[in-house]
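Notes follow once the structure below has been shown.
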Amino acid sequence: MDNGVLVEVKDLKKYFSVETGFVEKLLTKERNFVKAVDDVSFSIKKGEVMGLCGESGCGKTTMGRLIMRLEDVTDGNIYFDGQDITNLSGSELTRFRPNMQMVFQDPHASLNPRMSVGESIGHSLAVQKLGNKRERKERVREVMKRVALTPVDDIIVRHPHLLSGGQKQRVVLARALVVNPKLVVADEPIAMADVSVRALILELMLELKKDFDLTYLFITHDLATAKYICDRIAVMYLGVIVELGDIDEVFMNPAHPYTEALLSAVPVPDPKARRQHKIPRGEIPSAVSPPPGCRFHTRCPIAIEICKKVKPEMIDIRKGHYVACHLAK
Ligand code: SF4
């Protein structure tokens with residue numbers, strides 16, 4: 001039965017083992033782990049743009065890579081359109097791959113400098129053995145036109161060093177779309193782009209979503225960008241989701257002090273408007289030994305005693321607006 005959910009993540013964990021020196025290995029048998037994602041559950045609805053936001057190191061990129069199955073999970077499950085894909089491997093995973101594509105932060109680094117634009121875009125079609133040679137060429141040209149990589153005859157033979165930043169990002173988008181995916185995981189897709197082309201790329205992504213019937217997981221540290229493109233957002237802090245809800249609801253009524261702090265740093269268009277910046281104090285604690293109780297308690301301006309000991313559960317405070325805070329009403 002179709003419940004309108006494309007991706008469901010349940011109790012997901014990803015721990016990376018920390019390499020220790022020779023002497024340390026001799027002195028202790030205990031191994032340390034970076035808890036990049038620690039018991040996270042959420043879902044992405046079909047056709048929506050789900051944002052995953054938070055400071056650098058909060059686990060959002062790892063989450064995207066786990067959903068893409070570019071990393072093995074430590075524990076928990078990932079369901080895609082009802083199918084458990086957590087342990088797909090080998091040929092099963094290869095066959096599944098076209099369903100999900102990733103757009104990486106640095107388009108230059110993610111393009112092979114030895115491949116022409118046509119080869120880069122058509123590569124996944126060839127790997128997946130989709131269509132014959134002529135059909136693959138046609139599909140590449142069709143998608144290039146759709147992302148405005150024109151004139152096609154000129155650009156299709158170029159190598160990455162002969163492209164502008166905006167063109168490289170369009171090649172990366174075309175490469176993701178050419179296999180007709182259902183989900184695109186976009187990891188800070190405009191972070192490296194010139195300010196002048198950022199809005200154009202976001203506009204294009206929204207148009208492509210409609211045309212290709214896509215669902216996006218949009219990973220960003222920038223809440224202003226999230227506000228522009230996302231339907232819902234999940235805010236991550238130190239490997240866990242602390243708040244999740246419709247974008248307008250979370251912007252209007254942030255219920256977690258960390259979200260409030262992030263929002264206070266978002267510029268407002270009115271030059272007369274003054275916002276009180278509530279940047280959390282102190283450094284983000286280590287993900288190797290996150291604080292007990294609420295992970296934010298070491299930086300939270302309103303922490304109380306219970307916050308140091310008891311982990312707050314995610315509660316639904318307003319029709320799909322979830323927050324993990326002991327003081328949330
Ligand atoms: Fe702050 Fe306590 Fe809420 Fe955590 S649970 S955000 S420490 S008030």
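Please indicate, with yes or no, whether at least one residue in the range 232-242 is within 16 Å of the ligand (Cβ to nearest atom) and of a type in the set (Ser, Thr, Tyr).
Looking only at the range 232-242, we keep the residues that are within 16 Å of the ligand (Cβ to nearest atom), and these are 234-242.
Restricting the remaining residues to those that are of a type in the set (Ser, Thr, Tyr) gives 237.
Checking the range 232-242: at least one residue is within 16 Å of the ligand (Cβ to nearest atom) and of a type in the set (Ser, Thr, Tyr).
Take the conditions touching a helix residue (DSSP H, G or I) at 6+ places or on another chain (Cβ under 8 Å), open to solvent by 70 Å² or more (accessible area, probe 1.4 Å) and on the phi < 0 side of the Ramachandran plot and apply them to LYS137. Does it pass? When the stated conditions are applied, LYS137 passes them. Apart from one condition, GLN105 fits all of (1) more than 30 Å from TYR79 (Cβ to Cβ); (2) in contact with an Asp or Glu (Cβ under 6 Å, 6 or more places away or on another chain); the exception is (1). Working only within the range 294-323, note down all residues that are more than 7 Å from the ligand (Cβ to nearest atom), part of a loop (DSSP other than H, G, I, E, B) and surrounded by 17 or more Cβ atoms within 10 Å (Cβ to Cβ). Across the range 294-323, the qualifying residues are ARG295, THR298, ARG299, MET314, ILE317, HIS321. In the range 209-225, which residues are at pLDDT 95 or above, of a type outside the set (S, T, N, Q) and crowded, with 19+ Cβ neighbours inside 10 Å? Selection gives LEU214, TYR216, LEU217, PHE218, ILE219.
The values are calculated or read from the model by the stated rules, or taken from the named source; none is laboratory data. Keep in mind it's a predicted model, so treat the numbers as computed, not measured. Glycine also receives a Cβ, built like all others from the backbone with ideal geometry; neighbour counts cover every protein chain displayed. We work out accessible area using only protein heavy atoms, side chains counted, and drop any ligands, DNA or RNA first. Shrake-Rupley method; radii C 1.70, N 1.55, O 1.52, S 1.80 Å.
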